Amino acid sequence: GESVGLHLPTLSVQEGDNSIINCAYSNSASDYFIWYKQESGKGPQFIIDIRSNMDKRQGQRVTVLLNKTVKHLSLQIAATQPGDSAVYFCAENLSGYGNKLVFGAGTILRVKS
Amino acid sequence: DAGITQSPRHKVTETGTPVTLRCHQTENHRYMYWYRQDPGHGLRLIHYSYGVKDTDKGEVSDGYSVSRSKTEDFLLTLESATSSQTSVYFCAISELGRGYTEAFFGQGTRLTVV
């Protein structure tokens with residue numbers, strides 16, 4: 001089975017609110033994590049990444065939190081906009097396995113205007 | 001955009017026929033990946049490569065084989081296509097492990113097996 005994420009949930013938020021998307025991973029050997037955004041008909045696009053020696057990283061309107069104790073990642077999007085509507089995937093990298101990059105099932109984010 | 005080209009972009013084939021999808025990169029990245037994406041699922045890893053002639057299986061490798069004879073090309077072959085292999089296939093490239101950079105994706109190949 002998949003080691004990152006188990007479901008494809010949907011998160012609906014009001015425009016301007018903050019969004020939090022969660023992801024669980026199961027491999028403690030993973031040392032690098034990436035969040036991707038995928039819009040309909042397109043390939044995934046990079047949002048933000050974090051190494052396993054960090055617990056927080058901030059970008060423009062986005063923050064990723066890593067909790068290695070419970071093997072949990074979250075993506076926070078501030079002031080969510082209609083253009084943020086997409087499917088969001090977390091991915092874990094296992095550098096000890098030839099950099100095997102494994103994705104979770106994804107979360108659908110719907111932004112209501 | 002990263003220099004990744006998938007071909008063909010769309011293909012319809014009959015059950016039992018062989019199919020080869022090509023991923024071509026101009027970035028000289030070491031790592032290349034093939035994923036499939038189905039409704040309600042994330043991207044599931046089929047095979048990946050960590051160098052020329054160095055490949056390994058992913059989560060859903062049954063029914064697929066790959067080859068990488070040069071850095072820029074990673075081929076995915078369905079020896080005998082089945083309807084369950086109808087999917088969208090994505091290729092990705094990365095230099096993960098060398099400064100921990102992201103993986104870049106191609107635009108996808110929509111394969112329909114009838």
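Brief remarks follow.
- Cα-Cα over 26 Å, subset of A:42/B:53; A:71/A:100; A:42/A:71; A:37/B:70; A:68/B:53; A:71/B:53: A:42/B:53; A:42/A:71; A:37/B:70; A:68/B:53; A:71/B:53
- Chain A, relative contact order in percent, only Cα pairs under 8 angstrom and at least six apart counted: 39 percent
- Hz values of 3J(HN,Hα) by residue in region A:72-79 - Karplus curve (6.51, -1.76, 1.60), Gly and Pro given as x: 9, 10, 9, 10, 10, 10, 8, 6
- Positive-end residue, region B:4-113 charge dipole about Cα centroid, Cβ charges, pick of B:71, B:84, B:40: B:71
- Calculated over chain A, the projected area of the Cα convex hull averaged across directions stands at 6.9 nm².
- Using θ = phi - 60° in the Karplus curve 6.51 cos²θ - 1.76 cosθ + 1.60, the 3J(HN,Hα) couplings for region A:24-32 round to 10, 10, 10, 9, 5, 7, 5, 10, 7 Hz; x is entered for Gly and Pro.
- Solvent exposure of chain B as accessible area per residue, Å², 1.4 Å probe: 46 Å²
- Theoretical FRET efficiency, 1/(1+(r/R0)^6), r = Cβ-Cβ of residue A:17 and residue B:110, R0 30 Å, to 0.05: 0.30
- Measuring r between the beta carbons of residue B:62 and residue A:29 and using R0 = 25 Å, the FRET efficiency lands at 0.55.
- Association of chains B and A removes close to 2000 square angstrom of accessible area from solvent, both sides included, for a probe radius of 1.4 Å.
- Cα coordinate range in chain B, projected on the principal axes (Å, largest first): 43, 28, 23
- At q = 0.12 Å⁻¹, base-10 log of I(q)/I(0) for the protein assembly as shown (Debye sum, equal scatterers on each alpha carbon): -0.63
- Other protein chain C-beta atoms within 10 Å of residue C-beta, averaged over B:102-112: 4.
- When a 1.4 Å probe is rolled over the protein heavy atoms, the share of accessible surface on chain B that falls to carbon and sulfur comes to 46 percent.
The values are calculated or read from the model by the stated rules, or taken from the named source; none is laboratory data. Keep in mind that what you see is a predicted model, and the values were worked out from it rather than measured. So basically every Cβ, Gly included, is an ideal-geometry build from the backbone, and we count neighbours across all protein chains shown. Just so you know, the surface numbers come from the protein's heavy atoms only, side chains and all, with ligands and any DNA or RNA stripped out. Shrake-Rupley method; radii C 1.70, N 1.55, O 1.52, S 1.80 Å.
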